[in-house]
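The values are calculated or read from the model by the stated rules, or taken from the named source; none is laboratory data. Given the structure is predicted, the values throughout are model-derived calculations rather than measurements. Backbone-built Cβ (ideal geometry, glycine too); neighbour counts: all protein chains shown.
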């Protein structure tokens, strides 16, 4: 364990060299690096400009993208251009860059003046002191700040990656909601047609009141399901609108989606290793460890009894000036920096432990999401290629029995309604498969999103088919 | 007195071996070959035998050949799986005798001693009961009670004297509800040793039975007890039932047996009347016979009717239970009577995109039928006739009486003499006879139309009652029949 920690620390120190060399740039350099990194990791294409702090919605590029039916890639671009939290995230880089700059500055020298007035004239003392310790501590402080900047860059990149995939998930949810509305509308139409036919039958004196009531109930239930689906679809649009940063009147988004199961991400062989290698969470964690390590060294140095040095001049009341050096130093009798050193050491070990645990969580999440995706994709494919065709075949076979005058129109309509309802399971499963695919892609792009690891609910099973028995 | 053998002994044996091999193969695979073409001599004139009896005709069936060994008539029945065609479009995986369903008619003469070998190539035990015969108890064929069951692969010998004459039957008496539902039955005709008069000119045998064959299935459902949907004359449904052909002046005898599971059948003849001359209990004295047009044949009984063919034409002979003259009729349909069925068709078509009109033979030519019907079904179908579609099936056949025919082959449809066919009335005829169609559509107090004949002028000079206040028009109007439905309304008005 101790050997592992030593190796990890050596590695982190080696990595720190790169960080130091990168901290020479300004904020723009950090932003540019993050933008490029996010574009590459999240598959956005060209890096998008940083949103202006003022009225980003006025960006003509946003208006142009919103004018067309919104596809997923366009939604991501709109979010990156228009969502204020993107600006907020980039500002974190400015703060970190400022702290790095601050860490490189020496403390200002201290000038002191002292005058005392005697009968025979004033006595004046002048002094100029500079902390010598600062000369040793500034490089260490810069290392700490550089590591913190590095951590912030990783964290901002991760949060932007998460934003991209939040948009994609919200988009998939909206698309699935609209597909569900279409399905429920079709089911409601079928139930309404069935009810209307029964009304005719009833009006002709050929059906019982109860038979009509059953059809009325079925049609009402289908209408309720339709209204619920419409409400859910409307509700699902708001998270997307928020992510796109759109304000004012609810924009009329026309979402273009897909009804096929998602493809498998490339190179799924060792998703755990890929997730570890690309994890921005681990990059941030590594930078935080470096920061803590440098801070521990800094704390130890700060405890050194290095005197402040300077010069002092004094004018005696008699009128003559005298000059000479001045040294002051703390005497580490009581506070030898033990507490700060202990805290710094504990913080370092805390971050190392967290890093190790985070590695376990990243690897586990990759396995879990990979297994979920495999299962959901298989289920979606099975539903699309086997189950739904079987339901349609059942409709056709019931139709043949209708043709052969063995069953009535209500049986055909009932079979059709069941076939329509079976599509609900496919829509839900396909939606879940897409979302889990996005979860996994997000992880492989560097973002471990703990909210996405909550258990997935299983969709309700479709109704069991029944042989028509006639009315 | 020994009868001449209809088939030489060597031929009989070869045929028997052939049938046995065929049935063995069929039983092994449980997928029997197609029923061989009917070779019944049903439509040629049959001459009386030397002792005076004229062989019976089993429409769509055959008579079991026999040979005489030491004065005993020897028959051989082989029970096995058979694929049988009820009518083109509907075949069943059934059980039969000697490769056919039902089994061939056994024909003998009162006083004969018969020896009937029964070979079981079924996948389960069986036994044969000789229905209505006065025989020794051990030959009665009730498995478990008067004999042990015939195991698969075994051949049993039944031997007894025929002490009576008349129309009888034979059928399985082991696991009856399954084996009879699968077709194991046949007719047994015993001619009188000393007939009281000349034999009939035409002597037909018809065995009634019923099956449950869901559209799309291939095997009868032996668990059905009530809802039978294939009702057969000699295991055929119209339009595959062979016609009964007779000449004017022929004395026609029809022997009808009923081995249906639960239904008695009132068999009705058009164009004349008959007398019931005997049952499976024996002849009915003349004093007990009276003219009938319908004879009720109860389950497990035979009725023999006779008449002289005197009225030329094509005359229906059918069960008068209306649902028994439909093929694979569905009973779970909504009642669309009084409604426009096309509304329902259109609704279905709109929701099921590839829905097209059903396989209705009255549909206009060229109409696509992508929806189709279940495989292996003739649901609701009838047959073509000289004036259009005949919406009949099941227990329906045609007695064809002709004035001058050279033989008893199917003479085709009757050529109706001019002016003897019902047809649409002309306006002149209606006017001549005082039929006021306009008045016929005016409302009456109960909402229905007037009588079709115009009444004498009413005091107010009008015709009929005024509309009721609650029903200003006063008429409950029925939807006019659909063109497609003409002649083929079917259940539910479609």
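Give the residue that is nearest to the chain's Cα centre (by Cα), with candidates limited to residues of the stretch B:290-309 that are over 21 Å from residue B:189 (Cα atoms) and outside any strand (DSSP E or B).
My answer is B:293.
Which condition does residue B:259 not pass, out of (1) at pLDDT 95 or above; (2) over 20 Å from residue B:130 (Cα atoms), if it passes all the others?
All conditions are met except number (2).
Would you check if residue A:415 is surrounded by 24 or more Cβ atoms within 10 Å (Cβ to Cβ), touching a residue at least 24 places away in the same chain (Cβ under 8 Å) and within 9 Å of another protein chain (Cβ to nearest Cβ)?
Judged against the criteria, residue A:415 is a match.
Just to be sure, is residue A:231 closer than 28 Å to residue A:261 by Cα and surrounded by fewer than 17 Cβ atoms within 10 Å (Cβ to Cβ)?
In short, yes.
Pairs only if they're at least six apart or on different chains, beta carbon under 7 angstrom, first in the stretch A:432-446 and assigned to a loop (DSSP other than H, G, I, E, B), second surrounded by fewer than 23 Cβ atoms within 10 Å (Cβ to Cβ); list them, first residue then second.
Final answer for the pair search is A:445/A:41; A:445/A:278; A:446/A:41; A:446/A:278.
Within the stretch B:88-107, can you find the residues that are in a strand (DSSP E or B) and surrounded by fewer than 21 Cβ atoms within 10 Å (Cβ to Cβ)?
B:91, B:93
So is residue B:80 surrounded by 23 or more Cβ atoms within 10 Å (Cβ to Cβ) and out of contact with any strand residue (DSSP E or B) (no Cβ under 6 Å at 6 or more places or on another chain) or not?
Here the answer is yes, as residue B:80 does meet what is asked.
Does residue A:300 satisfy the criteria of being surrounded by fewer than 19 Cβ atoms within 10 Å (Cβ to Cβ) and part of a helix (DSSP H, G or I)?
It is true that residue A:300 is surrounded by fewer than 19 Cβ atoms within 10 Å (Cβ to Cβ) and part of a helix (DSSP H, G or I).
For residue A:205, state whether it is assigned to a loop (DSSP other than H, G, I, E, B) and either surrounded by 16 or more Cβ atoms within 10 Å (Cβ to Cβ) or within 14 Å of another protein chain (Cβ to nearest Cβ) (or both).
For residue A:205, the condition - assigned to a loop (DSSP other than H, G, I, E, B) and either surrounded by 16 or more Cβ atoms within 10 Å (Cβ to Cβ) or within 14 Å of another protein chain (Cβ to nearest Cβ) (or both) - is met.
Just one of (1) more than 14 Å from every other protein chain (Cβ to nearest Cβ); (2) over 17 Å from residue B:60 (Cβ atoms) trips up residue B:214, so point out which.
(1)
Would it be correct to say that residue B:216 is in contact (Cβ under 8 Å) with a residue 12 or more places away in the chain and under 19 Å from the mean Cα position of the chain (by Cα)?
no
Listed here are the residues, each with its yes/no results for (1) closer than 30 Å to residue A:324 by Cβ; (2) surrounded by fewer than 21 Cβ atoms within 10 Å (Cβ to Cβ).
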site	(1), (2)
A:95	no, yes
A:110	yes, yes
A:130	yes, yes
A:170	no, no
A:180	no, no
A:188	no, no
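Take residue B:309 and tell me if it is crowded, with 19+ Cβ neighbours inside 10 Å and either in contact with a strand residue (DSSP E or B) (Cβ under 7 Å, 6 or more places away or on another chain) or within 14 Å of another protein chain (Cβ to nearest Cβ) (or both).
Yes, satisfied.
Residue-by-condition table, conditions (1) under 29 Å from residue B:201 (Cα atoms); (2) at pLDDT below 95; (3) surrounded by 16 or more Cβ atoms within 10 Å (Cβ to Cβ):
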{"site": "B:349", "(1), (2), (3)": "no, yes, yes"}
{"site": "B:352", "(1), (2), (3)": "no, yes, yes"}
{"site": "B:356", "(1), (2), (3)": "no, yes, yes"}
{"site": "B:364", "(1), (2), (3)": "no, yes, no"}
{"site": "B:373", "(1), (2), (3)": "no, yes, yes"}
{"site": "B:381", "(1), (2), (3)": "no, yes, yes"}
{"site": "B:394", "(1), (2), (3)": "yes, no, yes"}
{"site": "B:411", "(1), (2), (3)": "yes, no, yes"}
{"site": "B:414", "(1), (2), (3)": "yes, no, no"}
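Is there a residue being in contact (Cβ under 8 Å) with a residue 24 or more places away in the chain, part of a helix (DSSP H, G or I) and surrounded by 16 or more Cβ atoms within 10 Å (Cβ to Cβ) anywhere in the stretch A:306-324?
no
Scan the stretch A:235-245 for residues that are surrounded by 14 or more Cβ atoms within 10 Å (Cβ to Cβ) and free of Cβ contacts under 8 Å to residues at least 24 places away in the same chain and jot them down.
Correct list: A:241, A:242.
Filter the stretch B:319-344 down to the residues that are facing chain A (nearest Cβ under 9 Å), in a helix (DSSP H, G or I) and surrounded by fewer than 20 Cβ atoms within 10 Å (Cβ to Cβ) and list them by number.
The one that is facing chain A (nearest Cβ under 9 Å), in a helix (DSSP H, G or I) and surrounded by fewer than 20 Cβ atoms within 10 Å (Cβ to Cβ): B:343.
Table: residues versus (1) within 11 Å of chain B (Cβ to nearest Cβ); (2) buried (at least 20 other Cβ atoms within 10 Å of the Cβ); (3) touching a helix residue (DSSP H, G or I) at 6+ places or on another chain (Cβ under 6 Å); (4) in contact (Cβ under 8 Å) with a residue 12 or more places away in the chain.
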site: A:377; (1), (2), (3), (4): no, yes, yes, yes
site: A:383; (1), (2), (3), (4): no, yes, yes, yes
site: A:399; (1), (2), (3), (4): yes, yes, yes, yes
site: A:404; (1), (2), (3), (4): yes, yes, no, no
site: A:409; (1), (2), (3), (4): yes, yes, yes, yes
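Would it be correct to say that residue B:479 is modelled with pLDDT of 50 or more, in a loop (DSSP other than H, G, I, E, B), over 30 Å from residue B:85 (Cβ atoms) and within 14 Å of chain A (Cβ to nearest Cβ)?
yes
Can you give me the number of residues within the stretch B:113-143 that are over 13 Å from residue B:79 (Cα atoms) and not in a strand (DSSP E or B)?
Count: 11.
Being in contact (Cβ under 8 Å) with a residue 12 or more places away in the chain and within 14 Å of another protein chain (Cβ to nearest Cβ) narrows it down to one residue among A:147, A:154, A:190; which is it?
A:190
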